[in-house]
1. Among the residues in the range 72-79, are any part of a strand (DSSP E or B), out of contact with any helix residue (DSSP H, G or I) (no Cβ under 7 Å at 6 or more places or on another chain), open to solvent by less than 70 Å² (accessible area, probe 1.4 Å) and at pLDDT 85 or above?
2. Taking interchain pairs and intrachain pairs at least six residues apart, which have beta carbon atoms under 9 angstrom, with the first residue in the range 341-352 and within 10 Å of residue 317 (Cβ to Cβ) and the second part of a helix (DSSP H, G or I) and open to solvent by 40 Å² or more (accessible area, probe 1.4 Å)?
3. Among what's in the range 26-55 and is among the polar types (S, T, N, Q) and surrounded by fewer than 13 Cβ atoms within 10 Å (Cβ to Cβ), pick the residue that is farthest from residue 144 (Cα to Cα).
4. So residue 105 fits all but one of (1) at pLDDT 85 or above; (2) surrounded by fewer than 15 Cβ atoms within 10 Å (Cβ to Cβ); what number is the exception?
5. Go through the residues of the range 11-25 one by one and say whether even a single one is more than 37 Å from the chain's Cα centre (by Cα) and either on the phi > 0 side of the Ramachandran plot or open to solvent by 80 Å² or more (accessible area, probe 1.4 Å) (or both).
6. Check residue 381 against each of (1) at pLDDT below 85; (2) surrounded by 13 or more Cβ atoms within 10 Å (Cβ to Cβ); (3) over 21 Å from residue 430 (Cα atoms) and name the one condition it does not meet.
7. Applying the selection to the range 184-206, what residues are farther than 26 Å from residue 232 by Cβ and loosely packed, with under 12 Cβ neighbours inside 10 Å?
8. Which members of the range 339-378 meet the condition of being open to solvent by less than 50 Å² (accessible area, probe 1.4 Å), more than 16 Å from residue 327 (Cα to Cα) and in contact with a helix residue (DSSP H, G or I) (Cβ under 9 Å, 6 or more places away or on another chain)?
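The values are calculated or read from the model by the stated rules, or taken from the named source; none is laboratory data. This is a predicted model, so every value here is computed, not measured. Note: ideal-geometry Cβ built from the backbone for every residue, glycine included; neighbour counts use all protein chains shown. The accessibility values were calculated without ligands, DNA or RNA, using every heavy atom of the protein model including side chains. Shrake-Rupley method; radii C 1.70, N 1.55, O 1.52, S 1.80 Å.
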Amino acid sequence: MRTLYTRIVVTFIFIALISSIFALFVTNAYYTSHLRTYNEQKITRIGSDIRSLYEQITGIELRSYLTRIAGLGYQIYAVNSRMEGTFFGAPFKHDELDPDIIRRVLNGGDYQGIMEEKQILMVTGFFENSLRNTAGLPLNVNGENYALFIRPNLEEQIGEVRLLMGFLLGFTFLFSIILIIVLTRFIVKPLQQLTEATNKIVEGDYNIELDISRRDEIGNAARHFTQMASSLKKLDEMRQEFVANVSHEIQSPLTSIQGFAQTMLDKQATPEEAERYLKIIEEESKRLSGLGKQLLTLAALDKEDTLTKRTAFRLDEQIRQALLVTEWQWTEKRLELELELPDMIMTGDAQLLVQVWLNLMTNAIKFSHPGGTLRITARVEQEIVVEIGDTGMGISEDELPYIFERFYKADQARNRTRSGSGLGLSITRKIVELHGGSIQVQSRLGKGSTFIVHLPRLP
C-alpha cells in the first residue's frame with residue numbers, strides 16, 4: 001500500500017513533468033506564431049548579404065571565400081550545375097537533401113527550409129543541425145550557376161549558452177525532485193503524528209502531545225485534535241466515574257436488602273426487628289426504583305437537542321400544583337411558605353418543567369431546618385425568572401461549582417436521612433437548557449440556598 005509520503009512525492013514529480021510538457025508546447029506555439037518567420041527571414045537575409053558581398057569582391061575564388069565565411073560561424077553547402085556539392089564549415093548532422101530542391105535553387109528559385117519543414121514541434125527546427133534546415137539561394141559565378149545552402153552554426157555561436165541552459169534546466173529539475181522528496185517529509189510528518197495520536201486514542205491513551213505552534217491548516221488540525229483528545233479524556237473519566245457512581249448507588253441498597261433478607265431467612269431477627277428490616281427493604285427498593293427512573297430520564301434527555309412537545313400553559317398554576325404534591329413533606333417539617341406567583345403564560349414542555357419545580361422544591365425541603373422558610377417567587381422581565389430558596393444548611397463555596405454534576409452530593413457523608421441519587425440537579429439543568437434557559441445558585445453555608453431559573457418568554 002502506498003503511503004501518503006509516496007503519493008505526494010509522485011504527485012509533485014508528475015506535476016513537474018506535466019508542467020514541463022505544457023511549457024514545451026506553449027513555447028512551440030509562440031515560436032511558430034512569432035519567431036519562426038523572423039528566424040527564416042534573418043537567415044535568408046544573411047545569405048543574401050554573403051552573396052552580395054561575393055559579387056562585389058573581385059579576384060577571389062568562391063571556395064576560398066566560402067571557407068572564410070564558414071569560419072565566421074556558418075555552415076554552407078555549395079552545389080554547382082553538375083550537382084556536385086561541397087561542404088564548408090562544421091559538418092551537418094543530416095546532410096541529405098532532395099535533388100528537386102537543389103535544381104529549383106539552381107534554376108533561380110529560393111529555398112526556405114525552416115518554413116517548409118513540417119515537424120510536430122517546430123521549435124526543435126531552430127536547433128536542428130540538418131541540411132534541410134537551411135536557407136537556399138542561387139549564385140552565379142562566371143556564368144555558372146551555383147546553389148548555396150546556408151545556416152548559422154549554433155554550436156559555435158551559442159554553444160556555451162546552450163550548454164549553460166541545459167545544465168540550468170537539468171539541475172533545476174533534479175534539485176526540484178530532491179527538494180520535493182526532502183520537504184514532503186515536513187508536510188507528512190505532522191499527519192503521521194496525527195495518525196499515531198489516533199492509534200493512541202484507540203488504545204485508550206489520551207495523553208497526546210502535538211505541535212500546535214504552526215499557524216496553518218495542519219496546526220489548526222493539531223490544536224483541534226488536542227482539544228478533542230482532552231474532551232475525550234474528560235468524557236472517559238466522566239464515564240468511568242458515572243459507572244462507579246451507579247455501581248455504588250445500586251450496590252449500597254442491594255447490600256442492605258440482601259443483609260436484612262438473609263437475617264430474616266436465618267430466623268435471627270425478632271418480630272419487631274423483622275418488621276423494621278422489611279421497612280428498610282421497602283425504602284431501599286423505592287430508592288432503587290427511583291434511581292432507575294432518573295437514569296432513564298437522564299438518558300432520554302441526553303438524546304434530545306430540542307423540544308418536540310411545546311404547549312402554552314399557566315406557569316404559576318404549575319408551580320402551585322408542584323407545591324401541593326410536596327405538601328406532606330414541607331408540612332412535616334413545619335416550613336413557612338413565602339409565595340409570589342403572578343399570573344404568567346409559559347410555552348414549553350409542561351411535563352418536563354414540572355420535574356424542575358419538584359426537584360428544586362424537594363431539595364429545598366430536604367435541606368431545610370424544621371420551622372424554616374420555603375420561598376418561591378416568579379417574575380417576568382425580559383425573560384421569566386423563577387426563584388426557589390430555603391433557609392437551610394446551605395452549600396459551601398468549594399462545592400457550588402460541582403452541584404450540577406451527575407452523582408455529586410454535597411453531603412459527602414451520605415447520611416441516609418438526606419441521601420439521594422445525585423441526579424436531580426443534573427436532570428433539572430438539562431431540562432432548563434432544553435428550553436433555552438439557564439439555572440444558577442446562590443448559597444451561604446448555614447444560611448440557606450436559592451436556585452434561580454431563567455426561561456425565555458417565547459419558544
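1. Applying the first criterion (part of a strand (DSSP E or B)) to the range 72-79 yields 74-79.
Remaining after also requiring out of contact with any helix residue (DSSP H, G or I) (no Cβ under 7 Å at 6 or more places or on another chain): 74-75.
From what's left, open to solvent by less than 70 Å² (accessible area, probe 1.4 Å): 74-75.
Those still in the list that are at pLDDT 85 or above too: 74-75.
Yes: the range 72-79 contains one or more residues that are part of a strand (DSSP E or B), out of contact with any helix residue (DSSP H, G or I) (no Cβ under 7 Å at 6 or more places or on another chain), open to solvent by less than 70 Å² (accessible area, probe 1.4 Å) and at pLDDT 85 or above.
2. That search, which allows pairs on different chains as well, returns 341/317; 341/320; 343/317.
3. If we filter the range 26-55 for residues that are among the polar types (S, T, N, Q), which is where we start, we get 27-28, 32-33, 37, 39, 41, 44, 48, 52.
Remaining after also requiring surrounded by fewer than 13 Cβ atoms within 10 Å (Cβ to Cβ): 33, 52.
Numbers: 33: 38, 52: 16 Å.
So the residue we want is 33.
4. Going through the list (1) at pLDDT 85 or above; (2) surrounded by fewer than 15 Cβ atoms within 10 Å (Cβ to Cβ), residue 105 breaks only (2).
5. Yes, that holds for at least one residue.
6. The number of the failed condition is (2).
7. Just the residues of the range 184-206 that are farther than 26 Å from residue 232 by Cβ, to begin with: 184-187.
186 - this is the single residue of the range 184-206 that is farther than 26 Å from residue 232 by Cβ and loosely packed, with under 12 Cβ neighbours inside 10 Å.
8. 341, 344, 346, 348, 349, 350, 352, 353, 356, 378
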